[in-house]
Amino acid sequence: MASALSALVLVGAGCGTAGGDAAGSGGPEVIAAFYPLEFVASEIVGESATVSNLSPPGVEPHDLELAPGQVRSLAGADLVIYIGEGFQPAVEDVIGELSDTTLIDGLKTQDGLLEGSDEHENDSEDEHEEGASDPHVWLDPTRVASLGHSVAAEMARIDPDNADLYEGNAADLEEALDDLDKEYAAALDDCDQNQLVVSHEAFGYLTDRYGLEQVGVSGIDPESEPAPGRVAEVAEFARDHGVTTIFFEEQVAPDIAQVIADEIGAEVEVLDPLEFEPEDGSDYFDVMRNNLDSISTALGCN
Ligand SMILES: [Zn+2]
């Protein structure tokens, strides 16, 4: 495997070296590992570079597998943006072999990362690096702003002619994210409840920022089976705290959320962790605002 990768890297080096124009497009090529990173990259580069997403619509990005063509495209990219610490091991394996590509690990652009809370997973040992940080930083708007500035700084180095554009776009993005942050803070300031019960623990940074508490059934990986007894434990917690809504994500089976909701007479409601590309033409801001409506209704916020 290592030698095959090295050969691919050599092939890629001719068409995508940092600072050079990518074949055909006339601009730098940026590859983002999944949707929120693609969104940020597109906001920063505008029309001055091409941005592609390794996780196509409908593909769960946790533990993404790469097709051979995607491995080749990574070798030819000028900039690859990903989330490290074992979130997508296949991506990290390939980019670990690249020498001419600028890499941004979204976790390294952040201060004060939360610990990955995988204590409820059966298979956490082989799915995630031990002691890995919670990967879901994109659900806190202020953290997305830091990522935007890191992308702008690297793009300014790769493509200095457009440095002002990239930095201006990062400032605009930060302003829009700041507005979103203020909307969240205002809407979640005074609520009857502060416990967010979710199927997949993707909302740790969001609950951390806005003074809520996340209680998850399946840990940080949406496809892991909950530990024995965890469903009953969460149901009991939800009943004790008068929780009225159990959240699940549309793309992953809602069964467990429904079981808990039925047991305590609560509703189930969708909360989107923004891991998949939105399919109906909505973007990061639209989904974040939908989530805010759902959360503030469920928690009885005034
Ligand atoms: Zn996740």
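The values are calculated or read from the model by the stated rules, or taken from the named source; none is laboratory data. Keep in mind it's a predicted model, so treat the numbers as computed, not measured. Note that we place each Cβ from the backbone using ideal geometry, even for glycine, and neighbour counts take in every protein chain shown.
Looking only at residues of region 240-256 that are free of Cβ contacts under 8 Å to residues at least 24 places away in the same chain and within 16 Å of the ligand (Cβ to nearest atom), we find that the one that is nearest to Asp221 (Cα to Cα) is Ala253.
Residue under question is Leu188, and the condition is that it be away from the ligand (no atom under 16 Å from the Cβ) and touching a Phe, Trp or Tyr at 6+ places or on another chain (Cβ under 9 Å); does it hold?
On the way: away from the ligand (no atom under 16 Å from the Cβ): yes; touching a Phe, Trp or Tyr at 6+ places or on another chain (Cβ under 9 Å): yes.
It is true that Leu188 is away from the ligand (no atom under 16 Å from the Cβ) and touching a Phe, Trp or Tyr at 6+ places or on another chain (Cβ under 9 Å).
For every residue, the table says whether it meets (1) more than 16 Å from the ligand (Cβ to nearest atom); (2) among the aromatic types (Phe, Trp, Tyr); (3) surrounded by fewer than 17 Cβ atoms within 10 Å (Cβ to Cβ); (4) over 29 Å from Gly86 (Cβ atoms).
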position: Asp181; (1), (2), (3), (4): yes, no, no, no
position: Leu196; (1), (2), (3), (4): no, no, no, no
position: Asp208; (1), (2), (3), (4): no, no, yes, no
position: Leu212; (1), (2), (3), (4): yes, no, no, no
position: Phe237; (1), (2), (3), (4): yes, yes, yes, no
position: Gln258; (1), (2), (3), (4): yes, no, yes, yes
position: Pro278; (1), (2), (3), (4): no, no, yes, no
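Would you say Ser218 is closer than 21 Å to Pro36 by Cβ, crowded, with 19+ Cβ neighbours inside 10 Å and either touching a Gly at 6+ places or on another chain (Cβ under 8 Å) or not small (Gly, Ala, Ser) (or both)? No: the conditions fail for Ser218. Note on region 34-57: residues that are free of Cβ contacts under 8 Å to residues at least 40 places away in the same chain and either of a type in the set (A, V, I, L, M, F, W, C) or touching a strand residue (DSSP E or B) at 6+ places or on another chain (Cβ under 9 Å) (or both) amount to 5. For region 39-65, the candidate set comprises residues that are in contact with a Ser or Thr (Cβ under 6 Å, 6 or more places away or on another chain) and modelled with pLDDT of 90 or more; within that set, the residue that is farthest from the ligand (Cβ to nearest atom) is Thr50. In the set (1) assigned to a helix (DSSP H, G or I); (2) in contact (Cβ under 8 Å) with a residue 60 or more places away in the chain, the condition left unmet by Glu60 is number (1). For region 66-86, filtering for residues that are out of contact with any strand residue (DSSP E or B) (no Cβ under 9 Å at 6 or more places or on another chain) and within 16 Å of the ligand (Cβ to nearest atom) leaves 1. With respect to the conditions (1) modelled with pLDDT of 95 or more; (2) buried (at least 21 other Cβ atoms within 10 Å of the Cβ); (3) within 29 Å of Gly229 (Cα to Cα), Pro141 falls short on a single one, namely (3). One residue alone among Gly148, Gly131 is at pLDDT below 95 and either β-branched (Val, Ile, Thr) or away from the ligand (no atom under 16 Å from the Cβ) (or both), and that residue is Gly131.
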